[in-house]
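Values quoted throughout were computed directly from the atomic coordinates according to the rules given, and no laboratory measurement underlies them. Keep in mind that what you see is a predicted model, and the values were worked out from it rather than measured. As a convention, Cβ positions derive from the backbone with ideal geometry for all residues, glycine included, and neighbour counts pool all protein chains shown.
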Amino acid sequence: MTAGTQVIELREALRQAIDEEMIRDERVFVMGEEVGDYNGAYKVTKGMLEKWGPKRIIDTPIAELGFAGLGVGAAMCGLRPVIEFMSFNFSFVAADQMISNAIKMYYMSGNRYSVPIVFRGPNGAAAQVSSQHSHCVEAIYANFPGFIIVAPSNAYDAKGLLKSSIRDNNPVLFLESEMDYGDKMEIPTGEYLVPIGKAKVVQEGTDITIVSHSHMMKRCREAVKELAARGIRAELIDLRTIKPLDITTIATSVRKTNRCVLVEEGHIFTGITAEVGFQVQQHCFDYLDAPIERVCQRETPMPYSKALEKETMPTVERILTSVYKALSKKL
Amino acid sequence: MNDQNNSQSTGSFFPSDQPAIIGALGKEKLIESLKKMLLIRNFETRAESAYQQGKVGGFFHAYIGQEAIQTAAVDVIGSKSWWATSYRCHALALLLGATPYELMAELFGRVDGNAKGRGGSMHFFTDRLLGGFGIVGGQTPIATGAAFALKYQNIKDQVAVCFMGEGAVAQGAFHESLNLASLWDLPCIYVIENNFWGMGTAVERAISVERIAEAKAIGYNMKAYTFDGMDYFNCYAGFAHVKKEVLETQRPVLIEVITERFRGHSISDPGLYRSKEDLKECLRRDPLLLLQKALIQAGMLDEETYKKIDKEQREIAVAAMEAADKSPWPDPITLEEDVFAPQGRI
């Protein structure tokens with residue numbers, strides 16, 4: 001470990017981000033189910049109740065609509081809530097407050113009330129939690145003007161982006177993956193921010209562009225490694241922020257590689273990849289040497305069985321198959 | 001009115017002493033309140049005619065018949081607290097200081113409108129009015145959040161006030177809000193304005209209890225009161241008591257105000273579910289009429305002065321209408337502005 005760095009889990013990076021912002025701004029508070037006494041369902045807020053007390057680390061009853069809406073009201077009146085959903089699947093219960101109130105308020109009120117609020121928590125599948133706890137929400141919410149949607153894939157980005165999200169004056173959906181909370185990474189000990197709205201080229205390449213976000217970045221990294229072993233140099237882009245979409249970074253890459261595979265954990269119909277793919281063809285039509293390929297979750301509710309769960313999610317094999325198709329090569 | 005309505009409206013209300021309130025408030029304040037109620041009535045009557053002329057579009061929900069309630073509430077609580085209400089929001093915006101011009105311009109969809117022509121009839125705002133909210137019950141968690149913010153900021157001389165129709169009582173947001181407010185000792189006053197109709201559905205077909213506030217508050221360990229919404233003095237006495245209590249206890253309170261809307265649910269609703277006789281009957285308890293009578297009896301007002309005030313308020317509404325018609329349309333170039341608030345410390 002080099003000086004000025006620390007090796008920490010992603011959940012600890014999130015905790016540090018919230019903690020630092022609570023020190024910086026006394027209007028920031030955390031509210032959600034089990035965030036206090038229980039130390040967080042996934043231990044993101046571990047130790048925070050002890051440090052900050054019940055005024056700023058607030059356990060709620062199981063009432064997502066109520067506490068999400070309460071957070072929106074508090075944000076309209078000058079506070080900066082960080083609302084934790086134990087799973088983003090529970091945000092569906094709160095959807096009216098998020099959609100009808102949080103994101104429409106600034107515009108609808110003629111700029112009178114801004115809503116600086118972060119909704120954060122695990123999104124998408126964990127391990128065998130079945131149909132009602134596994135949905136990826138980003139494509140649903142991305143259809144609504146007014147949401148900023150952030151989905152980091154590693155501890156460095158998670159910390160810097162969460163700090164930026166808490167400082168943002170708008171509703172931010174901050175999507176984590178339960179499967180990534182324990183991932184360790186060496187990150188700076190000092191304060192830093194990662195700007196919202198900037199994708200990152202995490203692996204340079206010349207033969208094909210692969211774009212993904214959040215937990216699926218792991219599958220993509222594996223696929224890129226496998227491709228490299230076979231002499232194919234793929235460029236890998238981590239969206240980091242889904243909305244606003246950094247199409248510049250993606251288009252710049254595709255104009256270089258002329259081929260593109262888009263990977264997301266969520267479902268294929270009107271998925272994030274549908275939007276990214278459309279924008280890629282708009283920006284890169286004359287540069288594309290092959291149709292854009294997509295690797296997404298199959299069109300079923302999430303099944304429980306390990307054997308089925310694995311099949312419905314994008315796999316390294318499915319990514320490789322799509323890459324070869326886009327390259328017009330045989331696997 | 002059907003039997004149930006009669007039994008509700010003749011049930012006991014929060015006790016109020018009309019002569020004592022008249023004495024305490026005095027002529028000047030009471031005439032001022034009458035003026036406000038007449039402004040609301042005239043504003044909405046003019047706005048309705050503008051709607052018929054095609055100057056106003058979309059939904060339009062009149063507060064006509066319910067004016068005494070919010071007028072008394074704002075008289076008591078003042079504009080330095082947080083307020084939220086449903087889409088029936090014209091009156092509260094006027095009472096909290098929005099000008100007739102900016103509201104009329106909003107109805108007309110013009111650039112000088114209260115929300116720059118983006119909100120329309122259902123979404124009026126002031127620096128303390130968090131909105132007219134378009135989803136039934138959607139404002140209840142918002143007002144609860146305002147009360148939470150007051151507690152968080154250690155502000156002890158303000159409250160949050162949340163108005164809703166009786167239809168909102170069937171929504172989950174209402175119940176979650178009450179539970180949170182009671183659990184966390186939030187200074188929020190929830191006011192159910194029971195006008196007996198959720199659009200065309202009579203209250204007894206939607207809500208399983210009578211004396212709604214009293215029945216529901218028990219389940220949330222809250223205090224409840226029932227006011228006569230047609231009687232300014234009863235509302236005034238009730239809100240004065242509740243304000244004092246909430247400031248002292250820093251606990252939420254649930255109020256039901258029995259009232260009548262004299263119009264349909266919205267402007268497109270001819271109200272066919274209500275007989276002419278029923279409507280005629282409730283018009284006899286027009287809050288403006290009741291206040292006028294009381295002030296005449298107290299020697300603070302005569303018919304002529306009433307007519308003069310009414311005319312003045314009508315002229316204000318007409319002038320707002322004429323001016324709104326001259327306000328420019330929003331420039332389409334601004335269409336996509338302000339979806340996001342700018343960055344920087346606020």
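Here are some notes:
- Normalised radius of gyration (Cα atoms, divided by 2.2 N^0.38 Å) for chain A: 0.99.
- Note on the protein assembly as shown: antiparallel DSSP beta bridges, both residues inside, total approximately 20 percent of the bridges counted.
- Three semi-axes of the equivalent ellipsoid, the range B:105-181, Cα gyration tensor, whole Å, largest first: 26, 18, 8
- Cα-based equivalent ellipsoid of the range B:90-220: semi-axis lengths in Å, sorted from largest, via gyration tensor: 27, 21, 11
- Viscosity 1.306 mPa s, 10 °C: Kirkwood-radius Stokes-Einstein D of the range B:63-143 over Cα pairs, µm²/s: 127
- Seen through its C-alpha gyration tensor, with square-root eigenvalues sorted a ≥ b ≥ c, the range A:5-188 comes out rounded because a/c lies under 1.5.
- Under 21 Å from B:LYS293, Cα to Cα: lysines that are on another chain or at least 8 residues apart: B:LYS27, B:LYS29, B:LYS35, B:LYS36, B:LYS280, B:LYS307, B:LYS308, B:LYS311
- The angle between the Cα long axis of helix A:155-167 and the main principal axis of chain A comes to about 50°, on a 0 to 90 degree scale.
- In a simple Cβ point-charge model (Lys, Arg +1; Asp, Glu -1; nothing else charged), the protein assembly as shown has a dipole of about 940 debye relative to its Cα centre.
- Angle between chain A longest axis and helix A:247-257 axis [Cα atoms, degrees, rounded to 10]: 20
- Projecting the Cα atoms of B:ASN114, A:CYS296, A:ILE149 onto the charge dipole of the protein assembly as shown, computed from C-beta unit charges around the Cα centre, puts A:CYS296 farthest toward the positive end.
- The range A:200-326 - share of DSSP beta bridges that are antiparallel (%, nearest 5): 20
- Descending semi-axes in Å of the range A:289-331, equivalent ellipsoid built from Cα gyration tensor: 25, 11, 5
- Fraction of the pair-distance distribution of the range A:200-326 above 24 Å, Cα-Cα pairs, percent: 21
- Taking every DSSP helix (H) stretch of at least 4 residues in the protein assembly as shown, weighting each as -39,500 (n - 2.57) and dividing the sum by the residue count yields a mean residue ellipticity at 222 nm of -12500 deg cm²/dmol.
- Within the shell defined by Cβ-Cβ distances under 15 Å, the residues around B:LYS326 carry a net charge of -3, with Lys and Arg each +1 and Asp and Glu each -1.
- In summary, the convex hull built on the alpha carbon positions of the protein assembly as shown has an orientation-averaged projected area of 32.8 nm².
- When both the range B:285-304 and the range A:1-37 are represented by their alpha-carbon centers, they are found 62 Å apart.
- The range A:240-331: trypsin sites (Lys or Arg not before Pro) falling in loop per DSSP and having at most 15 other Cβ within 10 Å: A:ARG298, A:LYS329, A:LYS330
- Centroid-to-centroid, using Cα positions, the range A:299-317 and the range B:316-341 are 52 Å apart.
- Ascending count of other beta-carbon atoms within 10 Å, so fewest first, for B:MET199, B:MET300: B:MET199, B:MET300
- Selection of chymotrypsin sites (Phe, Trp or Tyr not before Pro), the range A:38-140, meeting DSSP coil and at most 15 other Cβ within 10 Å: A:TYR38
- Largest GNM mean-square fluctuation among B:PHE148, B:PHE124, B:PHE43, using chain B with Cα springs under 10 Å: B:PHE148.
- Working note: Debye formula, equal point scatterers on the alpha-carbon atoms of the range B:138-292, no solvent; log10 I(q)/I(0) at q = 0.14, 0.15, 0.16 Å⁻¹ is -0.71, -0.81, -0.90.
- DSSP-defined antiparallel bridges as percent of all bridges, chain B, nearest 5: 10
- Averaging over all projection directions, the Cα-based convex hull of chain B occupies 18.0 nm² in the image plane.
- Taking the centroid of alpha carbons for each part, the range A:128-190 and the range A:205-275 are 18 Å apart.
- Long-range tail of P(r) for the range A:139-244 (Cα pairs > 17 Å, %): 56
- In the range B:238-346, the GluC sites (Glu not before Pro) that fall in loop regions by DSSP, at most 15 other Cβ within 10 Å: B:GLU336, B:GLU337
- Nearest 10 degrees, 0 to 90: helix A:64-76 Cα axis against chain A principal axis: 80
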